[in-house]
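Here you go, one structure.
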């Protein structure tokens, strides 16, 4: 059974921890990019972006049944495993 929990403007699907954007506004539409574009932006594989989505670390906006991620979240994403040494 598919369990969902609603918090603020994000719906969390309990089985995969995918976070969906509830309301698609013009501002959201201007900010969405495909997972392939997000991978190019981050310099990683598309599968890596898909894993971040599945683990709930990036939100998804469904448009026409296709998942898109928010450019602002991809640009501001901090990988917990990377350690910057200065």
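In nm, to one decimal, how far is the residue 71 label point from the residue 25 one, both placed 7 Å along Cα→Cβ?
So the label points at residue 71 and residue 25 sit 1.8 nm apart.
Give the shape of the stretch 11-76 as rounded, prolate or oblate, defined through the alpha-carbon gyration tensor: a ≥ b ≥ c are the square roots of its eigenvalues, a/c under 1.5 means rounded, and otherwise the shape is prolate if a/b is larger than b/c and oblate if not. It would help to have the intermediate numbers written out before the result.
Values: a/c = 1.77, a/b = 1.08, b/c = 1.65.
Since a/c reaches 1.5 but b/c is at least a/b, the shape of the stretch 11-76 is classed as oblate.
Values quoted throughout were computed directly from the atomic coordinates according to the rules given, and no laboratory measurement underlies them. What you see is a predicted model, and the numbers here were worked out from it, not measured in a lab. Counting neighbours? That spans all protein chains shown, and the Cβs are built from the backbone with ideal geometry, glycine included.
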